[in-house]
Structures are given as C-alpha cells and as structure tokens.
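Below: one structure, written as structure tokens.
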Amino acid sequence: MSEPTTDRRAAGVAALAPARRLGEMRHLGLLVALAILVVIGLVTRPENFATASNLVSILSLAATIGVITVGATFVIIGGGIDLSVGAVMALASVWATTLATQAYGPWVMAICAILVGTGAGLVSGWLIAYGRLVPFIATLAMLVAARGLAQRMSDRRTQLVQPENAALVDLSTTRVLGVPLLVYIFALVVALGWVVLNRTTFGRRTYAVGGNPEAARLAGIDVRRHTMLLYALSGLCCGIAAILIMARTTTGSSTHGDLYELDAIAAVIIGGTLLTGGRGTIIGSILGLLIFTLITNLFILNGLDTSDQLIAKGLIIVVAVLLQRRNLKERST
Amino acid sequence: MSEPTTDRRAAGVAALAPARRLGEMRHLGLLVALAILVVIGLVTRPENFATASNLVSILSLAATIGVITVGATFVIIGGGIDLSVGAVMALASVWATTLATQAYGPWVMAICAILVGTGAGLVSGWLIAYGRLVPFIATLAMLVAARGLAQRMSDRRTQLVQPENAALVDLSTTRVLGVPLLVYIFALVVALGWVVLNRTTFGRRTYAVGGNPEAARLAGIDVRRHTMLLYALSGLCCGIAAILIMARTTTGSSTHGDLYELDAIAAVIIGGTLLTGGRGTIIGSILGLLIFTLITNLFILNGLDTSDQLIAKGLIIVVAVLLQRRNLKERST
Amino acid sequence: MLVIKGIVKQFPGVRALDGVDLDVRAGEVHCLLGQNGAGKSTLIKVLAGAHQPDEGTIVFNGEQVRPASPIDAIRLGIATIYQELDLVDGLSVAENIFLGHEPAKLGFVNRAAAGKAAREVLERLGHGEIRPSAEVGRLSPAAKQVVSMARALSHDARLIIMDEPSAALAHDEVANLFRIIRELTAQGVAVVYISHRLEEIREIGDRVTVLKDGRTVAVGLAARDTPTTQIVSLMTGRNVEYVFPPRGGRTFGEEVLRVENLTAPGVFSDVSFSVRAGEIVGLAGLVGSGRSEILEAVYGARSATGRVLLDGRPAGRGVVGAVRRGMGLAPEERKAQALLLDQSVTANITLGSLPGFARFGWLDRKRERAEAKRLSEMLDIRPPDPERPIRTLSGGNQQKAVLARWLLGGRKLLLLDEPTRGVDVGARAELYAVIHDLAERGIGVLLVSSEVPEVLGLADRVLVLREGSVIHEGDAAELDEHRVLDMIMNGRAA
Amino acid sequence: TSNEPAAAPSSAAAAPAPAASGNDQPGTKVTIGFSAPAADHGWIAAIAKNAEATAKQYSDVDFKPVEPTNDINQQISAVESLIAQKVNALVILPNDGQQLNQVALQATEAGIPVINLDRVFPDKLAYRTWIGGDNYGMGVAAGHFIGKQLKDKGVSNPVIVEIQGIATLPLTQDRSKGFADALKTYGFSVTAKQDAKFTVETGNQVATSLLQAHKKIDAMWNHDDDQGVGVLAAIKEAGRDEFIMVGGAGSLNAMKEIQSGTSVLKATVTYSPTMASSAIRLARLVAQGKGMSDLVENSVPQSITLASETITKDNVDKYLELGFES
Ligand SMILES: Nc1ncnc2c1ncn2[C@@H]1O[C@H](COP(=O)(O)OP(=O)(O)OP(=O)(O)O)[C@@H](O)[C@H]1O
Ligand SMILES: Nc1ncnc2c1ncn2[C@@H]1O[C@H](COP(=O)(O)OP(=O)(O)OP(=O)(O)O)[C@@H](O)[C@H]1O
Ligand SMILES: O[C@@H]1[C@H](O)[C@H](O)CO[C@H]1O
Ligand SMILES: [Mg+2]
Ligand SMILES: [Mg+2]
C-alpha cells in the first residue's frame, strides 16, 4: 500500500475533532446562552439575582423536572419519546399520599412512588417494545390513563402529606450547606444518569438502539428488551420526581406535572439530542433545562407582564438554539 | 431464463396487494375501531347516538381540529412537526376579532385570520428551513410567542364577534341539507388536502422531502423552500380553523386551541403517518381524529365521569392502534 | 462444517429462497454467486439469525441448529458482514466494533481494553490509521467497511460471512481484505464470500455455489477452473458477454460541461476538464482521491471555488439549478443519497423529473407509470412490478432504479458515481449498453468507478486522480489497467 | 369582553375610589408582593387588573406582581423570590391552597403577613387574613334560583344539567356540593354533569355534546361565565331554548344577556373579582398596622367571605358596573 495516501487519510481523520470533543463544543452554545442570561440577571437585578438564596431557588425549581429530564434523555437517545412523564409523576405522588400508603411512613411512601413510576414506565415500554405501538401513541395513552387514574384515586382532591410523615417534606426544607436536600438528589440523579449513559454497556447500547436499531439487533443486542427498560428508567425518574414534588408542595395531586412532557422534551432537544435518536448528552439536557428555568426566574425577578414574557420566551428559545446550531449540521425532526 | 420459476414468482407478486392497496388495508384497522365505537354508541344510547343531529354535532366538533390535522399531516409526512397550531389559531382568531379588524366586516376578518395563520407558519418554516432550527424547538417557540401575542392583543379578554359581523357566525348556524356550513368547509379542506398530497408534484415532493431529504435534494428538489412551504400550509390551515372556531364560539380568544398540537399529532400518528416522515395519508389522519371525537361524544352521551373517561380513553387508544398495527411492521418514533 | 438443505424463505409476495442447499468446509472460501435478487443476502441473513426460514435445515459443526436471533448465531460462532453497512453513526469506532459484546465488568465498559483491542483488530486489517475513538458517522464509506470487517473479526468466529465486502473498496483495499481472508482460512475458519466481481472469486475462492431465483443451481464448482461462460449462464440462464460495447462510431458534439480550476481545500484542487456531448469521461483514482466530491461540486451539491460551465454558461446555483439545466447525479450511496425506501419504484424513478409529468403541478400518473414500466423493462428491474415499494427490491435492482431516474427528462449530462456497485454481471452488461446508448444519443457522461477495467472499457477519455489532483488525462484507448493502477497508487504519471 | 362597543365600566369601576376615611391617608411606604395563577381567563385577568389598579391608587404602596403561572412548582418559586426580596406583605391567590400552604407558612414565619385571596390555605398559621368568595354559597344560590323557578312552573322530575369548571379544583367541588344540596331541598337532583376548563372553547365543546345527550332539558347551571360564552354559542347553534340557564361569577357579558331578556340565561350568581382590590387594601392596612375604620376592632379581621348574590333581570342594572369583562 502506498504510504503517502494512507498518511493523508489518517491526517484527514485525525483533523476531525473526535465525537466527544465535538460534543463538548456543542455545549458551548448553550453555555454562552446561559452566560448571557446570567449577565442579564446581574444587570437588571443586581441586588437579587446573584444571591445564594436565588440560586438555590433556581435549582429547587429545576430539580423536579430535571430528574424527569434525565430519564427523557435516555428515552430520546434510544429513539423514543415519553409523553407520559408528568402524568406518571402525578399518579405516583397520589398513590404515595393515599392514607393507606401514608400509614406506613415516609420510606414506604417513597418506595411506593418509585414502584408506581417504574411500573407505569414498564407498561409503556412493554406496549412499545413487544406490542409494537408507536411510542408517541403508547405514552400518550399512558398520559391520559395515568391522569385519569390519579384523579380517581384522589377523588380529585389534593392529598396532604400527613404531619407524621413530615420527614418527606424535610427533603425540601432541610438544608445542608444552605442547599435543600432535594437539590442534592437532583445532582445525584444527574451524575448517575451520566455514568450510566457514558460508562456502561446499557448506556452505549442506548445510542445503538436509537441510532440504528437494525444494526443493534444484528450486533446481537436485544433491542426490544432494551427499549422496554428505557421506558422503565424514565418511569423510575418520574417516581423520584414524585418524591421531590411531594416534598416541595407537601401534597400529592392529579394535577402535578401538567405539561412537563413538553418542557422535558424541549430541554432535551435544546440540549442537542436529536428526536430521531442515537445522539445526545445528559449535560446538554440539563443545560437546556437550566436555560428555561433561568428565563422564568429572570422574568419573576423583573416582574414582567405575562404576555410579554411569553413573547420574549419564544424569542429567547430561538436565539439560544441558533447559538447552539452554529456547531451542528444534522437535520432532525 | 427458466420460465416456470419466473412465473411462480410473478404470480406471487400479483397475489400481493400493491403498495396502494396495502395503504388502504391499513385503514381497515381504523375503520374497525370506528365501527366498534359506533356499535357501542348504538347499544348504549340508541335514542341519542344515531340521530342526524348527533352526527352533525360530532362533525362540527371535529371540524376545527380536523382542518388543522390536514396541515399537520403534510408537515409530519414532510419530516417535521408543528407544535404551534393551537396557538397560531388562537392568535389568528384574536387578530381577526379586534375592533380594528371587525370594522371591515366578515370577509376581511376571514382574510385576516388566514393571513395571520399563514404568516406565522411562514416564520416557523423560515426558521426551520433557512435558520436550521429543529422543528420541535422552532414551533415550540412559535407556540409560546403566539400565545403571548394573542394575550397582548386581546388584553386577555375574550373578544366577541360583533353583531354586524354575524355572517361569520352563520358558518356555524346556517345549515344546508341539515348540515352547518362549517362542516362543508371541513370536508372541502380534507378533499383539497387529499388532492394536493396525492395528485400533485407538491404532494409527491412532500413524501420525498420527509422520506429522504438528501435524496430529494440530489434529485433537484428545493428542499428548504418546500419545507418552508409545508409550515406555511400548516399555518394556512390554522387560519381557516380560526375562522371555524370564531363561528362556533362567536369569539376570538387567546385560550382557543389549547393542546391542539397534541391532539392533531396524535390523530395523524394513529392514522398511520410516521413521525419520522415520508409516509402517511390524509384519510388515516381524519379517521384517527374521528375516533378521538367519537370517544368523547360517547362518554358524554353516557354521562361518564371525566376521570373514567381518561382511563378509558387511554385503553381505547391502545386498542385502536393495536388493531391497526396488525397491518404494519415498521418501527418508528 | 456447515450443511444447509432445502431452505425456503417467503416474503409477502416473494419466495426469496425456494429450496437452497449449501455446504461449506472448514478452512475454505466458499463463494456465493447469483444475479441481483437471487437470494444471496437473504440466505446469509437466515444463517446469521436475522431472518427465520420457513422450511429447511441447517447443520453446523455436526449439530442441527436454528438461530432464532443474531445473538444465537454469534454464540454459535457465525459472524457476518452485512451488505448494507450496519453501523451506528453516533458511536465511536471501538464502540461499534464491540457493540453487543463490550469488554465490561458489572455493566461498566472497560474503555481502555476496548480501545486497545479495537486498535489491534484495525491494525491487523492494515488500517491502524483509523482511530478507535473516531466517530463512525464521519468516516468515509471505505473506512466504514473496514470497521464492519473489524467487528466480524472481533468475534471469535468459526464461520465468517461476507456479503459484498469489496463493493465499497478499491483495488488496494481488496488486496488487503484477501490477505486477511487467507490468514483466517489458514486457521481453519470458513468464509462465505459474496461478490459480483468474478475476478475476485477466481483469486480468493475455493468453491462456488450459484443461486438463481432463490434456488441452488450449482454446488461446489471449482472457483478457479470453472469457465466464466458456464458460471454466467448458470446465473443468468443465458449467455452474456461480459464485455464492453465496442468503442468508437460515436461522434462528439459541442462541449456540454467545462470545469475550470475547481478547488475545495483539502479535498481536491485545481481540477479542470471538459465533457462533450456524446462523450464518456471517466475518473479513475483510489477511494478518497476526491472523485465523488468533484462530481458533487460539479452538480452544485458541494461548495468549491472555480468555474463550472454548462453549455458555455455558468451552471446555476445549487442542485436545483443543475437539475433544471439538464444534469443528473446517480450518487454513490444509494440508500442514503438516492432512494425513497418507502415509495414505489415508480415514484423513485420519476422523482428527478416530476415537472415533466405535471401540468400546473398536477401529476399525470398514468404517464408516470407507463414510463416507469418502460424503463423497468429496459433495465430488467426485477420483480417487474413498478408499483412495489423499492425497499423490497434487492440491492442491485435498487441501483438500476436510481439510474432509471436520470434516463428520464432529457438530460444533457449525467454524473454517475459507481453506477455498477452491487450490480450483477448480467445487469452490468445491460447497464454498459444503456450508458453507451445514452452517449450515442448525445448525452455527456462523467463516470466514477473504482474498477479500473470499467473506466477503461466504458470511457472515451480518462482522468486519473491522485490525492485530489488530476495527474493524467488521456484517451482511454491509450491506457491499460496496469498503467492506470501504477499511476493512482504510486503517483507515476505516464 | 374587551370589545363591547358600550364597554362603559372599566376595570377601575371594579376598584372604586378610595373610601373617605382616614385609612386612605398616606402612611408608611409598603411593598406588596402579588402572586396569582396565569391570567388566561377573564376572571383571573380581572383579579390581576383590580389588584394593580388598587395598588396604583395609593402613593404609599409599591406593587410587585410576579409571573403568574399555572404550575405549582413555579408559583412556589415565585413566592420564594418575593420572600427573599423581603416585601412587607404578600397577596397570594394560590393555584391550589394545599400545595402552596408550606411556602405561605414560610412567609408568615419570615414575618411577612400573607393575605390569602380566594383559594384558601388549609393551615390558619399560613396566613394573616383570608378574603374570598363563597363557592358553596354560589352553588346554593344557583340551586335555589333553579329550584324555585321549576317549582313555580310545576315541573316534576326535571332534567337539570350542570357544567362545571376545572374539576380538580376544590372550589368546583364546593360549588357542585352547594348546588346539589340546595336542589335537594326542592326534591330535585342533577341529571348530568360534565366539567369544562374555564375557557370558551371547552365550554362550547362540552355543551355541544351535552345538548345531544339530553333532548329536553329543564335547567342548566354553568359554573363560570367565561366558559359560558361558549356554552351560549352551542345552545344557539343547536337552536335550543326550552330551558333556563344560570351562570356563575358575574361577567359583564352574562349580565347583558340577562338584561336582554331574550336569552336562555336568566340569572348568574356572583363571585366577584373585586375581592382582589379589597385584598390589596387589606394587605396595606395590615402592613401599616392599621385596622378597618368601619369596624370597632383595632385590627383587620382574620377572614372575610363575600356573599354570592343572584343577579336577575330585575336587579341587573345595579350590578352592571361591577361586571368584569370575560
Ligand atoms: N424484506 C423483504 N421483503 C420483501 N422482499 C424481500 C425482502 N428482502 C428481500 N426481498 C426479495 O427477496 C429476493 C432476494 O433478495 P436478496 O437481497 O437476497 O438478493 P441478493 O441475491 O442479495 O441480490 P443483490 O446481489 O442485488 O444483493 C429479492 O426478490 C428481493 O426483492
Ligand atoms: N465526512 C468527512 N469529513 C471530512 N473529510 C471527509 C469526509 N468524507 C470524506 N472525507 C475526505 O474527503 C476525501 C475524499 O473522500 P471520498 O472517499 O468520498 O473520495 P472518492 O474518491 O469519491 O472515493 P470513493 O471511491 O469512495 O467514492 C478524503 O480525503 C476523505 O478522507
Ligand atoms: O375562583 C375563580 C372563579 O370562580 C372563576 O370562576 C374561575 O377561576 C377561579 O379561580
Ligand atoms: Mg444482496
Ligand atoms: Mg466516492
């Protein structure tokens, strides 16, 4: 083989930034957007924005949906979509706050929420993987049914966490180093999600299943089982989120998590994950989510009129993504 | 060439329904689901269900979102997604019912609605096609901004169609052969949509752009321009839908069309269109939509509680799609 | 080692396999031959557990087996390189190679081990320059093919099936592939090898099984000694001259295409040439020499500096203008770049000339179907039903449909990138005739092929490319294969 | 509706000029934080407008509204940020009293008096004063009006239809309960009920199907006049007029329908958004440590419940200026 040619090709390949580095560069756009928002905050509300308590408040606000976003990132990288997240969280919160469950104390309540979430995810996953339902439809059905069930169980009432189970609420009120416990839980879930996605066979196979399911199957991966597990994982995250929302609101309610599906998916996509699957990062999703949360926070601090907020929000989304797009060329849904 | 073998294989081919026929068979599942619902209606509410006035009322209910579904079908076949439909319809309805617009009479109101809808669609389309924004994000931004603008314009009030413009409301109240005019408009939009999708180069290109944009580009199709036009078409449909909702509710309001995006997309997908693009039919989408509308109608006729409605709806969606899946094997988002 | 008897596989409407027999011995290279659509890929998918047979038995290493899934086949020791590149674009080279059998502890991937093992396999394949951490989606088709091979080698397989592994490879790469195959067979590994290039079969094969219309028509022929005419007539059921149509007799008209100083930094530089009406100009070069990119730049699908003149006027901006002005490109990767897999053969064929079938945007579907039918018959696309989804056609037949697309709509200049990739011997001869016929009707053709004999046999004039530059231009008649190979590999200008 | 040609009463009408009492004299400067659900509904919009308009009337009030939202989680954050800004008083209309209870409690503990508007916090420690409408009373008023009318007509076994607002809100359940209880005193009961979402469109959709389900109706109660616009459109489209209808909340549009006398809408029971104006005044008084001058007591009372009045053709003129635009 002629050496020069090989060298040139090697050079060609080497000249290309490897996937991971590119991935980080892609986050640059998001970081820039985030930085701009921070600057806006500092300029418009110097006395309120950069306070520790405001930062904590931003993170607390982001925590619930953040946990859900981690699960959604897996599902979307795996080529699917989960519209049921908010409803499943609501159902888990209601189930965990029924008097029957509350009788067993906070631990059982937490486990109950997690089991209900995971169970709902398994059902969606089974329908998609083995029942061959389109994910959009299967999880839409789950959304509708879970909300209905939550309303039924709660008789459409908001269910208070009983005083004897206040330990659960402590997650929101107890602070370690000034930061409420639930923010730590959020951080932990993000970290675990990152590790699973990047360092385990499960994570790497998720990319394969989403990127090219036929190739994954031919490589000997049990695509169906994996798909089902992805939705179970998303359900698990919804269960954890249910614990957080119970802590924050001291209640279980069928109305919790309304429209979370849109917010979670939007965060994931702004974070650079393609709806077509096979690509994406947890970090990107979380940055996407923080951008959303920061926008809301800035609006609150500045007391903008709602209609103007909505208009501004639309524009900011476009700009944030345009910033990020600079580094991307792929087309997707 | 050995004749017998060829013949045998050719015979096999003849036995196979051609692609088109297969498409129609696919609707069989939907038709069966629809038939089952009709039977349920006949059995549970014999005196109310099969009346002409109930059928008309189902069609009237379906008309607004039906028109939007036609546009959504184009966008989704073209590989995109439009989350802004409900908000754009709301904006068009508000703009058309401002006192300034209403001063010019019903025709100008209708034209205003259509222009606003199409304009919003063009903006989304431009952002997606030329600004390279992901459709999900671009149209989510449009959703948020359009709702904000609608609130701003209307000052968050419900705007009544003035008595002197009652001609617009007549679309809903005037009946020809017992059927309100707006049902005819719905039917006309469906028919036109079908013709454009199946009989014109625009339709054919839509399938190409959604199925394989790179191939479409290399075949000389202006993929960007076409993509932009698809969203404009969707916006146009939202404008028409705005006229219908003004006629039905006698108002323009920023709250109109809440969550239409989910319903429209769900109808399209239940109808057999893949979210990945390149496939789908108008008829399927409309059947999907009718199933949804029929379910709600049956529930209300039978006085079911909304919680139970939701649970049942989830189950019915799954069953309807399972029925339809029988004829399909592809996997998709 | 492997004995297959009476395998039947039915698809909706097609009996793809209709009683196939095959026996493969340890340490041999067993070649599968057959026309496009004969059932080769389907057969190996049955072996690999990707399809379930309707009837028949498979005996592997003395035991009757029935691989229910790819995992089963891999566990049995059967590794497969599939015809369609089945890699995951978003993952790295190493991750692709070890997909499904990652070196891992408790579910955690040992990335160092994976990287090291990947490097070893790649080096063994002579491609140490492909970095295990590179993202597969950014590799060239040839490099992807190498990764596919590396994956097959990474399994400790007793039987390796290769479905047209050389289709995306150039001459030197094929030699490399053969070296590996010889190493494998020396260790007692059996190889099932599929290719449409008879000369490869002769070089590497031990025995040949021929499939036709889903049936075995000959077993265990000697790969080296069986006369070509016999093989071809077994495959096609008739006698096909595996030759090029006679050169000459054509007169060239006006210059249709003039390319001046075309440059795309890092890919090709300062390329100038012209194509006249009725002339076939061939681009020869190694994979990676920039031929595809030149075609794309001429077509307006890739940005480059320099001038492209069509009929003496600057070509319009972009592909849309190029197509409107009478160009057509049959791209290299048909699945990714050319096909609408869900659509019918007809819709695929007419895609490039829709305006010609429409009045005020309204399609004349009858005429569309008639034209598609005419072209299907002309190119012998099988099965002969233009209303079938193109997805259900074999690779070679899909390729013919791509070509058919540009036979419509009165093209002046056709850019053909590897037009016979994956096309069988019989159909290839037909395609050659079609290309000649086009030229005779005054169409200019710019042809890229990795098969030097094809370039020399078809083209009137040849440009030899090396590392993005034209190093030779001359009459095809004055060149021979040896000289061209010498130029493209060693850079020695004639 | 904003575009009523004769939209004479402006939102200022709902926030009448300061009463001529010493309380209106400027006092210490106070900052009042305000948080309410998203204003995509005429009634809620009126609440926001009234609060703002009232605050503007006082030179000693610095009004700080935060982004209205329908997401609990966000409303909690919004209130947290107001606490962090150390406002002098908070006026909160929670999306759900139970769910915002904890954060209201935090505010109270931080020394910020909370004026609870409309939807009530379950924990009395969480707020200083509650002011709101009487949801149960609204249902009772509607039930009595319908019961009496039907009794007078001598209808037996009447078909009574109820269109609720958002079903998951406690206030909806209270209204329904009051309605059923009042009807019971006449020996009547609700034949069918469905919930809408306080929007014109959902009111229209639900009414369209309900009218199909019941070919003959005697009376209908619609909880909310905003969605009532859609309900009335559906009734007109179906060409039905055999029943009497009662609305809820008391929008200007509803009052005009009642006034016309030709509409099926014969009455509406009030649930007036003027309560927001009062809430701001109360917040100011509490923050300044003043009492209510008409009361003997030195400080503002712990709870104030507005009465739900029944507006009919006979008394509508008196109410028109308090009607809010849908
Ligand atoms: N999934 C499928 N559905 C329906 N028909 C199929 C499918 N896959 C293959 N076929 C049909 O089966 C027959 C055999 O196809 P196969 O791909 O095995 O041919 P091949 O010998 O590999 O051809 P080539 O040389 O072109 O690759 C063809 O007629 C093809 O159209
Ligand atoms: N995605 C890419 N990013 C960067 N460089 C690339 C990419 N694809 C190809 N190249 C480089 O461009 C040059 C030409 O590539 P390519 O393999 O397509 O050439 P070719 O002559 O057309 O070969 P083939 O016979 O495979 O068509 C090579 O140097 C290659 O490394
Ligand atoms: O309490 C109010 C009103 O009663 C109105 O009818 C709807 O919104 C609720 O919040
Ligand atoms: Mg093949
Ligand atoms: Mg190439």
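The values are calculated or read from the model by the stated rules, or taken from the named source; none is laboratory data. In this text the structure is predicted, and so the values were computed from the model without any measurement. So basically every Cβ, Gly included, is an ideal-geometry build from the backbone, and we count neighbours across all protein chains shown.
Summary table
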read-out: Of the criteria (1) more than 9 Å from chain B (Cβ to nearest Cβ); (2) small (Gly, Ala, Ser); (3) closer than 18 Å to B:Val223 by Cβ; (4) buried (at least 23 other Cβ atoms within 10 Å of the Cβ), which one C:Gly282 fails; value: (3)
read-out: Residue check for D:Ile244: away from ligand 2 (no atom under 16 Å from the Cβ), more than 23 Å from D:Ala51 (Cβ to Cβ), touching a Lys or Arg at 6+ places or on another chain (Cβ under 8 Å) and more than 14 Å from chain B (Cβ to nearest Cβ); value: yes
read-out: Any hit, the stretch B:271-290, residues being under 16 Å from B:Phe49 (Cβ atoms) and not charged (D, E, K, R); value: yes
read-out: Search result, residues across the stretch A:284-310 that are within 11 Å of chain B (Cβ to nearest Cβ) and modelled with pLDDT of 80 or more; value: A:Gly288, A:Phe292, A:Ile295
read-out: The one condition in (1) surrounded by fewer than 24 Cβ atoms within 10 Å (Cβ to Cβ); (2) farther than 20 Å from D:Ala141 by Cα that D:Val200 fails to fulfil; value: (1)
read-out: Filter result for C:Ala79 (crowded, with 19+ Cβ neighbours inside 10 Å and within 14 Å of chain A (Cβ to nearest Cβ)); value: yes
read-out: Residues (surrounded by fewer than 24 Cβ atoms within 10 Å (Cβ to Cβ) and free of Cβ contacts under 8 Å to residues at least 12 places away in the same chain) located in the stretch A:217-252; value: A:Arg217, A:Gly220, A:Asp222
read-out: Wholly enclosed helices (runs of 4 or more DSSP H) of the stretch C:261-351 bearing at least 3 residues within 13 Å of ligand 5 (Cβ to nearest atom) and either over 22 Å from the mean Cα position of the chain (by Cα) or at pLDDT 90 or above (or both); value: C:291-299
read-out: Residue match in the stretch C:413-431 (condition: over 30 Å from C:Val14 (Cβ atoms) and away from every other protein chain (no Cβ under 12 Å)); value: yes
read-out: C:Ile44 vs. criteria in a helix (DSSP H, G or I), of a type outside the set (Phe, Trp, Tyr) and out of contact with any Ser or Thr (no Cβ under 9 Å at 6 or more places or on another chain); value: no
read-out: Considering residues of the stretch D:197-225 that are over 20 Å from D:Leu183 (Cβ atoms) and of a type in the set (S, T, N, Q) only, the residue farthest from the other protein chains (Cβ to nearest Cβ); value: D:Thr202
read-out: Any chance C:Ile44 is buried (at least 22 other Cβ atoms within 10 Å of the Cβ) and either of a type in the set (Val, Ile, Thr) or within 16 Å of ligand 5 (Cβ to nearest atom) (or both); value: yes
read-out: Test: C:Ala372 is more than 16 Å from ligand 4 (Cβ to nearest atom) and part of a helix (DSSP H, G or I); value: yes
read-out: In the stretch B:109-163, residue nearest to the other protein chains (Cβ to nearest Cβ) [restricted to those that are more than 22 Å from A:Ile316 (Cβ to Cβ), part of a helix (DSSP H, G or I) and without any contact (Cβ under 8 Å) to a residue 60 or more places away in the chain]; value: B:Pro163
read-out: Test: residue in the stretch D:226-237 that is in contact (Cβ under 8 Å) with a residue 12 or more places away in the chain and in a loop (DSSP other than H, G, I, E, B); value: no
read-out: Single match in D:Ala48, D:Ala104 (criterion: over 21 Å from A:Gln309 (Cβ atoms) and assigned to a helix (DSSP H, G or I)); value: D:Ala104
read-out: Residue ID - modelled with the highest pLDDT, chosen from residues in the stretch D:238-252 that are part of a loop (DSSP other than H, G, I, E, B) and touching a strand residue (DSSP E or B) at 6+ places or on another chain (Cβ under 9 Å); value: D:Phe243
read-out: Looking only at the stretch C:389-420, and only at residues there that are within 22 Å of C:Gly34 (Cα to Cα) and of a type in the set (Lys, Arg), the one that is farthest from ligand 5 (Cβ to nearest atom); value: C:Arg391
read-out: So C:Gln64, is it outside any strand (DSSP E or B) and exposed (fewer than 15 other Cβ atoms within 10 Å of the Cβ); value: no
read-out: Close pairs from the stretch C:297-322: first assigned by TED's automatic domain parsing to the domain that holds C:Gly352 and touching a residue at least 12 places away in the same chain (Cβ under 8 Å), partner of a type in the set (S, T, N, Q) and in a loop (DSSP other than H, G, I, E, B), Cβ under 9 Å, at least 6 apart; value: C:Ala297/C:Ser303
read-out: Candidate set from the stretch D:296-321 (those that are part of a loop (DSSP other than H, G, I, E, B) and among the charged types (D, E, K, R)); member that is nearest to D:Leu265 (Cα to Cα); value: D:Lys313
read-out: Test: residue in the stretch A:309-322 that is free of Cβ contacts under 8 Å to residues at least 60 places away in the same chain, touching a Pro at 6+ places or on another chain (Cβ under 7 Å) and under 30 Å from D:Lys49 (Cβ atoms); value: no
read-out: Failed criterion for B:Leu171 (all others in (1) within 7 Å of chain A (Cβ to nearest Cβ); (2) over 18 Å from B:Gly86 (Cβ atoms) hold); value: (1)
read-out: Residue ID - nearest to ligand 4 (Cβ to nearest atom), chosen from residues in the stretch C:6-53 that are within 14 Å of chain B (Cβ to nearest Cβ) and of a type in the set (A, V, I, L, M, F, W, C); value: C:Ala38
read-out: Selection from the stretch C:318-333 of residues that are more than 13 Å from ligand 2 (Cβ to nearest atom), farther than 16 Å from B:Val223 by Cα and crowded, with 23+ Cβ neighbours inside 10 Å; value: C:Met327, C:Gly328
read-out: Residue satisfying condition, being at pLDDT 90 or above, surrounded by 22 or more Cβ atoms within 10 Å (Cβ to Cβ), more than 16 Å from ligand 1 (Cβ to nearest atom) and under 30 Å from B:Ala103 (Cβ atoms), within set D:Ala46, D:Ala53, D:Ala36; value: D:Ala46
read-out: Every residue from the stretch A:193-215 that is part of a helix (DSSP H, G or I), at the interface with chain C (Cβ under 7 Å from one of its Cβ atoms) and under 18 Å from C:Ser92 (Cβ atoms); value: A:Arg199, A:Thr201, A:Phe202, A:Arg204, A:Tyr207, A:Ala208, A:Gly211, A:Ala215
read-out: Odd one out for C:Glu377, checked against (1) more than 30 Å from C:Glu260 (Cβ to Cβ); (2) buried (at least 20 other Cβ atoms within 10 Å of the Cβ); value: (2)
